[in-house]
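One structure below.
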Amino acid sequence: MSRERTWVSPADRLIAAQHGEWYKLTEVASILKISETTVRRLMKSGRVKAPSHKITQGSMTVYLFSPEDIQEIKAATEGKIETRDNTVTEESN
């Protein structure tokens, strides 16, 4: 009886080696029903401190998001920014 090997991406192998519950950028975007570009813009603009973990191996960088990061991004997309110290500020228009 032969066992078939399933291919696992290098990024998924890195994530599997981490302790805790982590999500990739694509998964975060899917969970929140927003585009990956929106998540990246929030990160780049500094509106969110996420991701809380980054792994670099060679030229590959994988951003890992915790459940708390996902809540922070969700709050930012709703016009409220919830920081890690549990303060909430309304975004001014």
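List the lysines whose Cα sits under 20 Å from the Cα of Lys33, skipping any in the same chain fewer than 8 residues away. Counting by Cα, and skipping residues close in sequence, Lys33 has these lysines nearby: Lys24, Lys44, Lys49, Lys74, Lys80.
Going by neighbour counts of Cβ atoms within 10 Å, the residues Val8, Val48 line up, fewest first, as Val8, Val48.
Taken together, the values in this text are just the output of simple stated rules run on the coordinates, not laboratory data. What you see is a predicted model, and the numbers here were worked out from it, not measured in a lab. Virtual Cβ from ideal backbone geometry, glycine too; neighbours counted across all protein chains shown.
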